[in-house]
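The values are calculated or read from the model by the stated rules, or taken from the named source; none is laboratory data. Small disclaimer: the values here were computed from a predicted structure and weren't measured. Ideal geometry is used to build each Cβ from the backbone, glycine not excepted, and the neighbour counts take in all protein chains shown. Accessible surface areas use protein heavy atoms only, side chains included; no ligands, DNA or RNA. Shrake-Rupley method; radii C 1.70, N 1.55, O 1.52, S 1.80 Å.
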Amino acid sequence: MADRVTVIGWDGSPPSDAARAALDAATLVAGTRHHLALPYVPKQAEHIVLGSIDIAARRIAGHRGTAVVLADGDPGFFGVVRALRDPEHGLEVEVIPGVSAVARAFARAGMPWDDARVVVATSRTLRRAVNVCRSYPKVAVLTAPGAGPAELALLLAGVHRTFVICEALGSEREQITVLTSDKVADHIWRDPNIVLVVGGSTGSPGLAVLGSTAPPTAPGGRPATSRGGGWIAGRDPGFPGPVRGWALPAAEYGGDVPAPVRAYQLARLGPRTGDLVWDIGAADGALALEAARFGAAVIAVDRDAQACDWITAAARRAGVQMQVVHGTAPQALEDLPEPDVVRIGCADPAVVAACAARRPERIVAAAATRESAAAVDRALAEGGYTVERMLLRSAETDSGWQEPEGPAAFLLCGSRP
């Protein structure tokens, strides 16, 4: 095993004294081609071009001498340190970090980033990264070839955001571009790049609605930010605003769906950050709002224009981001991005079948009658889902603990094996 392994983060600035000393003593240096071409890299040392981190780690583990690994920015932040420290390789490393690409990008934009989410977009994680951009007002996206600014913008179709695209940060080719998301796919972007995706006011999340305008910008074209600060990085784990709890009483939303019914549906859907939730027949928007509060991206669909306006206003009051689509299912679903979970408020077997064809992980539906519940049950089963059935009756009681008769709802949850 190498006598010593030092990981140095390079951010375009001259190396520190500690980094220079490690490089001068190195008998093996690993990095990309542009790292190995730096004047600080000793020519007499063995050079390894980083392609596969695992292969490089095995080479380093078998080396007898002092090894240095060069990486961009902060190598402990979505970088090589995790791979090098994998128990498979048994490497103990010393880390000399540089300025991370995320910190540098926000500095170039002149924005704070303690309230930002940071995601990695690859061909495997692109869709989930886009869902985070849908549901959070400030996201830094570490991109990869095939999962860059254009691909992000195309998958965000119908949701307006401001993109701050930072190409070749820290190099002579560095370029910063600010565009609304509908213009991003018209350009070819150079790798490497990092994208800041900003929607609405970053201090008070805006609402992304079909046909809405781009998020506000400050003088000079920079996305607007608020004066307020938080106490925890990323996102406050509590609900936006002073309200505590979830599955709040229907009166909190101005609707009439009993809270226990909503609680069951949310529990079976399990919305979380990175998910896309379809709420079809969203009505008062209560379930859509609470799913958004869990951190999921949400598309609320309703055929009633007044209901869509109501949901839009309620989302603004609640401080959550949501896309609202006015249309009738299943036709309105055809151009929507792929969902992870679906809630159907209208027990229509045709809508259930259309959703099942998109293969979400779970579909939850409510039905008012035994006959409609049976029809939804058949549609879920025919779509390849295992069905859980529930008859839920709920009613508030008074201080006398009388047992009032309450409305009953048939609830069905289809899970994809």
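Would you check if there is a residue in the stretch 153-167 being β-branched (Val, Ile, Thr), touching a helix residue (DSSP H, G or I) at 6+ places or on another chain (Cβ under 9 Å) and under 25 Å from GLU334 (Cα atoms)? Checked the stretch 153-167: at least one residue is β-branched (Val, Ile, Thr), touching a helix residue (DSSP H, G or I) at 6+ places or on another chain (Cβ under 9 Å) and under 25 Å from GLU334 (Cα atoms). The set of residues in the stretch 57-104 being more than 31 Å from the chain's Cα centre (by Cα) and in a helix (DSSP H, G or I) consists of ARG58, ARG59, ILE60, ALA61. Comparison of GLN306, GLN331 shows that the only residue that is closer than 25 Å to SER415 by Cα, without any contact (Cβ under 8 Å) to a residue 12 or more places away in the chain and among the polar types (S, T, N, Q) is GLN331. Applying the criterion of being open to solvent by 40 Å² or more (accessible area, probe 1.4 Å) and either among the basic types (Lys, Arg) or touching an Asp or Glu at 6+ places or on another chain (Cβ under 7 Å) (or both) to the residues of the stretch 289-317, the residue that is nearest to LYS138 (Cα to Cα) is ARG316.
Which members of the stretch 105-118 meet the condition of being open to solvent by 20 Å² or more (accessible area, probe 1.4 Å) and either in contact (Cβ under 8 Å) with a residue 24 or more places away in the chain or assigned to a loop (DSSP other than H, G, I, E, B) (or both)? Hits for the stretch 105-118 are ARG108, GLY110, PRO112, TRP113, ASP114, ASP115, ARG117, VAL118. Only one of the numbered conditions (1) open to solvent by 40 Å² or more (accessible area, probe 1.4 Å); (2) in contact with a Leu (Cβ under 9 Å, 6 or more places away or on another chain); (3) part of a loop (DSSP other than H, G, I, E, B) is violated by VAL320, and that is (1). Out of ALA18, ALA2, ALA25, ALA56, one residue alone is within 18 Å of GLU92 (Cβ to Cβ), in contact with a His (Cβ under 8 Å, 6 or more places away or on another chain) and either free of Cβ contacts under 8 Å to residues at least 12 places away in the same chain or not polar (S, T, N, Q) (or both). It is ALA2. The single condition from (1) of a type outside the set (Lys, Arg); (2) in a loop (DSSP other than H, G, I, E, B); (3) in contact (Cβ under 8 Å) with a residue 12 or more places away in the chain; (4) out of contact with any Lys or Arg (no Cβ under 6 Å at 6 or more places or on another chain) that ALA315 fails is (2). It is to be established whether one or more residues within the stretch 151-172 are open to solvent by 30 Å² or more (accessible area, probe 1.4 Å), modelled with pLDDT of 95 or more and either over 20 Å from PRO337 (Cβ atoms) or in contact with an Asp or Glu (Cβ under 7 Å, 6 or more places away or on another chain) (or both). Within the stretch 151-172 (the criterion being open to solvent by 30 Å² or more (accessible area, probe 1.4 Å), modelled with pLDDT of 95 or more and either over 20 Å from PRO337 (Cβ atoms) or in contact with an Asp or Glu (Cβ under 7 Å, 6 or more places away or on another chain) (or both)), the answer is no, since none of the residues qualifies. Being at pLDDT below 95 and open to solvent by less than 40 Å² (accessible area, probe 1.4 Å) is the filter here, so list the residues in the stretch 194-204 that pass it. Matches in the stretch 194-204: GLY199, GLY200, SER201, THR202.
Inside the stretch 23-80, residues that are out of contact with any strand residue (DSSP E or B) (no Cβ under 8 Å at 6 or more places or on another chain), of a type in the set (A, V, I, L, M, F, W, C), open to solvent by 20 Å² or more (accessible area, probe 1.4 Å) and within 15 Å of VAL5 (Cα to Cα) make up a count of 2. Filtering the stretch 151-193 to residues that are among the polar types (S, T, N, Q) and assigned to a loop (DSSP other than H, G, I, E, B) leaves only SER171.
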